[in-house]
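The values are calculated or read from the model by the stated rules, or taken from the named source; none is laboratory data. Being a predicted model, the structure only gives us computed values, none of them experimental. Quick reminder, even Gly has a Cβ in these numbers, built from the backbone with ideal geometry, and neighbours come from all protein chains shown.
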Amino acid sequence: MTSTGVLTTSTTDTREPPMRRRPSLTLIATGAVSALLLTACGSATQDTAAPAASSAPSAPSATASAPASSTPSASASPSTSPSATGETMAAGAYLTKAEYQSQMAQRAGTKVVYFFHASWCPTCRATEKAIEEDGIPAGLTVVKIDFDSETDLRKTYGITQQHTFVQVNEDGDELAKWTGTISGADIKAKTV
């Protein structure tokens, strides 16, 4: 016993084993924020792979307006880089609907994903921030679609909540649909 009346033992080591690592505060905070944001924007994760439907439009309508929020800052250039197999792959891009319509030919050969985004959605804002900070992987084109104004596209793809992603082929046919991804790498990992 010590003079303060607290019993201590010198044979017990209270330190963690040297090989065990604690999760970083960033990882814990990211998980907590993600969980909170998902509940704010609908927590149901929807993963579907659908056969190509011929009734979908080939591309978003040129007459509809671009999303009202600021222009995404991720790479919009159609530059290419060689892949590990020697073939060239277009640099990743995060584009508004209008930008995508003007670059469709240049973005051919990339995986195209429509991101149904709402400016009032905290999860959508978190995804956009992650995309702007980390960029989009090569071979992926993410097209920001305004959830509130693009009602025809929402009907076409059966979108019922913001923060939904729809992968489309070159004819605009749905290939896959899901919610819940945050970064460009996460989006590419969900594509088919």
Picked from the range 160-183 (must be among the polar types (S, T, N, Q) and in a strand (DSSP E or B)), the residue nearest to residue 101 (Cα to Cα) is 167
Enumerate the pairs (first residue in the range 151-173 and touching a residue at least 60 places away in the same chain (Cβ under 8 Å); second residue anywhere and among the basic types (Lys, Arg) and surrounded by 22 or more Cβ atoms within 10 Å (Cβ to Cβ)) with beta-carbon separation below 7 Å, excluding pairs fewer than 6 apart on the same chain, so at least 6 apart or on different chains. 157/177; 164/177
Within the range 117-155, restricting to residues that are polar (S, T, N, Q) and more than 12 Å from the chain's Cα centre (by Cα), the one that is surrounded by the fewest Cβ atoms within 10 Å (Cβ to Cβ) is 151
With respect to residue 114, determine if the residue is modelled with pLDDT of 50 or more, crowded, with 18+ Cβ neighbours inside 10 Å, touching a helix residue (DSSP H, G or I) at 6+ places or on another chain (Cβ under 6 Å) and part of a strand (DSSP E or B). no
Please go through the range 127-170 and pick out each residue that is among the charged types (D, E, K, R) and in contact with a helix residue (DSSP H, G or I) (Cβ under 8 Å, 6 or more places away or on another chain). 134, 144, 146, 150
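Okay, residues lined up against (1) modelled with pLDDT under 95; (2) of a type in the set (D, E, K, R):
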residue: 146; (1), (2): no, yes
residue: 150; (1), (2): no, yes
residue: 158; (1), (2): no, no
residue: 165; (1), (2): no, no
residue: 173; (1), (2): no, yes
residue: 180; (1), (2): yes, no
What pairs come up if the first residue lies in the range 116-131 and is of a type in the set (Gly, Ala, Ser), the second is in a helix (DSSP H, G or I), and their beta carbons are under 8 Å apart, counting only those six or more places apart or on different chains? 118/124; 119/125; 126/33; 126/34; 126/37; 130/184
In the range 141-155, is there at least one residue being among the basic types (Lys, Arg) and touching a Pro at 6+ places or on another chain (Cβ under 8 Å)? yes
